[in-house]
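Q: Handing you a structure now.
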Number of protein chains: 2
Amino acid sequence: MPESSGAELALLLLGGFRSMVDAVQRELAERGHGGVRPVHEFALRAIGAGADTASDLGRSLGVSKQAAAKTIAFLETHDYIRRESDPDDARRKRLRITRRGDELLTVGQALFDDVRAHWGRQIGAEELEVLEAQLARLVGSGYPLSSIPGWLASELGESAS
Amino acid sequence: MPESSGAELALLLLGGFRSMVDAVQRELAERGHGGVRPVHEFALRAIGAGADTASDLGRSLGVSKQAAAKTIAFLETHDYIRRESDPDDARRKRLRITRRGDELLTVGQALFDDVRAHWGRQIGAEELEVLEAQLARLVGSGYPLSSIPGWLASELGESAS
DNA sequence: CGGGGTAGACAACCTGGTTAACCATCTGCT
DNA sequence: AGCAGATGGTTAACCAGGTTGTCTACCCCG
């Protein structure tokens, strides 16, 4: 019997992810960004990276444009983005990140980095880098931030408030 | 700017989890256990570990007893468990794992272990153990298999089939 | 024997996805 | 010029997997 089973390893990975996300979410809420889930941050980032229409955002996030529209609605009603009509294409509603959206992005990134730094202090910065490198190798492509696969969205959801 | 941002680390962890789970799920489907999601395996494991009623299972899994009942319904209709009335307590319907359920458990565990072994071959068995130890430390409590927190359930779901 | 707590079932609802259908608009080709 | 087809956005219906609330049957304890 192995010291650690494969199933436990899976749980460990998930647990690590949740630890990070929960911490960030909690801090975000305390900084006036309550209700924001990491998926919103990633969507915002994708918009900033050029996905400035609902269809584009859907493609970037790997979800349907309808699902993207719901995320956009949230971001708009919470004043993270504005939608303005495109003079060059009357079908499009171009997405523009607001000042508040920029702030969320900045704060969110800093919080994630904080958690990472905290981890680095626990196991050592070098060890953390090794861990990341190994993980990246195991996962394969590495899942760059700029193109988040669809399955991510549901994982980033809130879990039973 | 850090080589790897905190957000990327989070994605890496999630990606690792998904890699494992997807692989196991795929293999499971090929072995006649299509439609089974890891959450079902964990539920089965919890039942085997003593959570032999819906309420118990709900507590073990950290979800409501109604949610547990839905999982139980799945397991029963797919012949992984049987429900039999408890002679000592007429309220209860005791859950018993069937032969097929046992097989699922065995196969599932083996598949998870296979993935882990595969990973061990990629980065080295010792390195993998170190990685696990570090992860366990970072996550904190370690999320033992026997008591799965509620937020797990949604993470184990299928993503857009 | 009666009251409080527990097991299970049922119903209504929420969230965050999906597909399908539709209209307006753009683009490319004839 | 004009039309066919692709694209952007919206709305609607649906689904999965959770939630809470309520109800009944039943156990246990004073």
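The values are calculated or read from the model by the stated rules, or taken from the named source; none is laboratory data. Note that the coordinates shown come from a computational prediction; the quantities given were computed from them, not determined experimentally. Here the Cβ is made from the backbone with ideal geometry for all residues, glycine too, and neighbour counts use every protein chain on show. Calculation scope for accessible area: heavy atoms of the full protein, side chains included, ligands and nucleic acids excluded. Shrake-Rupley method; radii C 1.70, N 1.55, O 1.52, S 1.80 Å.
Q: Just how many % of Cα pairs in the stretch A:11-62 lie over 19 Å apart, if you round to the nearest whole percent?
A: Here the tail beyond 19 Å accounts for 42 percent of pairs.
Q: To continue, here is another question. Would you mind classifying the stretch B:80-143 by shape? Square roots of the alpha carbon gyration tensor eigenvalues, ordered a ≥ b ≥ c; an a/c under 1.5 is rounded, otherwise it is prolate if a/b is larger than b/c and oblate if not.
A: Oblate, because a/c is 1.5 or more while a/b does not exceed b/c.
Q: For residue B:50, go 7 angstrom from Cα along the Cα-to-Cβ vector, then report the distances to that same point in the other copies in nm, smallest first.
A: Sorted ascending, the copy-to-copy spacings read 5.7 nm.
Q: How many percent of the accessible area of the stretch B:6-155 is carbon or sulfur, using a 1.4 Å probe?
A: Roughly 47 percent, rounded to a whole number.
Q: A further question on this structure: Please give the total accessible area that chains A and B bury against each other, computed with a 1.4 Å probe and expressed in Å² to the nearest 100.
A: Adding both sides of the contact gives about 4800 Å².
Q: Note down the magnitude of the dipole of the stretch B:6-155 about its Cα centre, charges +1 on Lys and Arg C-beta and -1 on Asp and Glu C-beta and zero elsewhere, to the nearest 20 debye.
A: 620 debye
Q: Name the residue from B:81, B:38, B:107 whose Cα lies farthest towards the positive end of the charge dipole of the stretch B:6-155, charges +1 on Cβ of Lys and Arg and -1 on Cβ of Asp and Glu.
A: Toward the positive end, the furthest listed residue is B:81.
Q: Going 7 Å from Cα along the Cα-Cβ axis for the label, what nanometre distances separate residue B:69 from the same residue across the other copies?
A: 3.6
Q: With a 1.4 Å probe and every protein chain left in place, tell me how much accessible area residue A:118 has, in Å² to the nearest 10.
A: My reading of the accessible area for residue A:118 is about 90 Å².
Q: For residue A:49 and residue A:88 in the same chain, what is the full-extension length gain: residue separation times 0.36 nm, less their Cα-Cα distance, in nm?
A: Values: separation 39, 0.36 × 39 = 14.04 nm, distance 2.01 nm.
Fully extending the segment from residue A:49 to residue A:88 adds 12.0 nm.
Q: What does the copy distance list look like for residue B:100, label position 7 Å along Cα→Cβ, in nm and ordered from shortest?
A: Copy-to-copy label distances for residue B:100: 5.3 nm.
Q: State to the nearest 20 debye the size of the charge dipole of the stretch A:30-85 about its Cα centre, where the only charges are +1 on K and R beta carbons and -1 on D and E beta carbons.
A: 160 debye
Q: Here's another thing I want to ask about it. Rg and Dmax of the stretch A:18-155, using alpha carbons, in Å: what are they?
A: 16.4, 54
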